[in-house]
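Enquirer: Here it is: the structure, laid out below.
All of the numbers you see were taken from the coordinates with simple rules; none came from a lab. This is a predicted model, so every value here is computed, not measured. Because the Cβ atoms are built from the backbone with ideal geometry, glycine has one as well, and the counts that use them run over all protein chains shown.
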Amino acid sequence: MTNHFFFYLDSPVGPLEIRANDQFVTGLYFEGGKGASSIRQTPSPVQPAHLQTAIAELNAYFSGRLRTFSFPIHQTGTDFQQRVWQELMRIPYGETISYLELSQHIGDTKTIRAVGTANSRNNLNIVVPCHRVIGKNGQLTGYGGGLWRKDWLLNHEAKWAKGVLTLF
């Protein structure tokens, strides 16, 4: 029998619902957003080590001290979705690409809509950085957590990646 664990992390982009099983972190959702539980679950009284690592690494990410996550993740999807999610993991911290570029990386520009759909089915927000995909005109487009969160995450990463820090 597989155990399921829940934890809620306060973050600059609102509460995050983190889900895990015995081996992997399986979901990271914006509370109230797509995929999140409609009712807040009771946080697990005991968290496995990989969930504790996820919590610590997310806190480090939000403080600007972490760019790459190391905890084990898993999400279920088609082979195509898995390819898209793997490609998302290759987008460097602090950078963006367009949906067209992402479909080119997959190997077929005709898959641009399917790439967008796979991107929207990502259950590991922030960790599998679907927020780094933008429209080809440079505009922010669709994000399950809301465009304000996408904007915040991109600005946060750009600030730390490029060393542009504001004092006030």
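Enquirer: Step through the residues of the range 2-10 one at a time and calculate ³J(HN,Hα) from phi using the Karplus curve (6.51 cos²θ - 1.76 cosθ + 1.60, θ = phi - 60°), rounding each to whole Hz and writing x for Gly and Pro.
Expert: In residue order, the calculated couplings are 8, 7, 10, 10, 10, 8, 10, 10, 6 Hz.
Enquirer: In whole angstrom, and with the biggest value first, how far do the Cα coordinates of the chain range along each principal axis?
Expert: Extents along the principal axes, in whole Å: 46, 45, 27.
Enquirer: Something else: For the range 11-102, what mean projected area does the convex hull of the alpha carbons give, in nm²?
Expert: Averaged projected area of the range 11-102's Cα convex hull equals 7.1 nm².
Enquirer: Between Glu95 and Ile39, with labels modelled 7 Å along Cα→Cβ, what's the label distance in nm to one decimal, could you check?
Expert: For Glu95 paired with Ile39, the spin-label model returns 4.6 nm.
Enquirer: Need one number: % antiparallel among DSSP beta bridges in the chain, to the nearest 5.
Expert: So the antiparallel bridges amount to about 70 percent of the total.
Enquirer: So what is the relative contact order for the chain, in percent, with contacts set as C-alpha pairs under 8 Å and at least six apart?
Expert: Averaging sequence separation for qualifying contacts and normalising by length gives 20 percent for the chain.
Enquirer: Another question about this same structure. Amide H neighbours of Leu124 under 5 Å, counting only residues 5+ apart in sequence or on other chains, H built in-plane at 1.01 Å?
Expert: Hits under the 5 Å cutoff: Leu28.
Enquirer: What residues qualify as long-range amide H neighbours of Val25, i.e. H under 5 Å apart, gap of 5 or more or another chain, H built at 1.01 Å from N?
Expert: Residues meeting the amide H criterion: Ile73, His74.
Enquirer: Where in the range 76-92 is the amide nitrogen less than 20 Å from a point lying 7 Å along the Cα-to-Cβ axis of Thr68?
Expert: Hits in the range 76-92 for Thr68 at 20 Å: 83-92.
Enquirer: Going by average Cβ density within 10 Å per residue, which order do the peptides 144-157, 107-120 take, highest to lowest?
Expert: So the peptides 144-157, 107-120, ranked by packing, come out 144-157, 107-120.
Enquirer: Per-residue HN-Hα couplings for the range 134-142, Karplus 6.51 cos²θ - 1.76 cosθ + 1.60 at θ = phi - 60°, whole Hz, x for Gly and Pro?
Expert: Result, ordered by residue: 10, x, 5, 8, x, 7, 6, 10, x Hz.
Enquirer: Less than 20 Å apart at the alpha-carbon level, and either on another chain or at least 8 residues along: which aspartates and glutamates does that give for Lys136?
Expert: Straight-line reach from Lys136, under 20 Å: Glu87, Glu95, Glu101, Asp108, Asp151, Glu157.
Enquirer: Counting other Cβ atoms within 10 Å, which chymotrypsin sites (Phe, Trp or Tyr not before Pro) in the range 75-140 have at most 16 and lie in a DSSP loop?
Expert: When the chymotrypsin sites (Phe, Trp or Tyr not before Pro) of the range 75-140 are filtered for loop state and at most 16 Cβ neighbours within 10 Å, Tyr93 remain.
Enquirer: Which lysines does Lys34 reach when only Cα atoms under 23 Å apart count, and residues fewer than 8 places away in its own chain are ignored?
Expert: Correct list for Lys34: Lys150.
Enquirer: So between Gln23 and Lys136, what do we pick up on full extension, going 0.36 nm a residue minus the alpha carbon distance?
Expert: Taking 0.36 nm per residue and subtracting the Cα distance, the gain is 36.9 nm.
Enquirer: If R0 is 25 Å, what FRET efficiency do you get for Ala114 and Thr2 from their C-beta distance, rounded to 0.05?
Expert: Given R0 = 25 Å and the Cβ-Cβ separation, E is 0.25.
Enquirer: What value, in deg cm²/dmol to 500, does the helix sum -39500 (n - 2.57) over DSSP H runs of n ≥ 4 give at 222 nm once divided by the residues of the chain?
Expert: -10000 deg cm²/dmol
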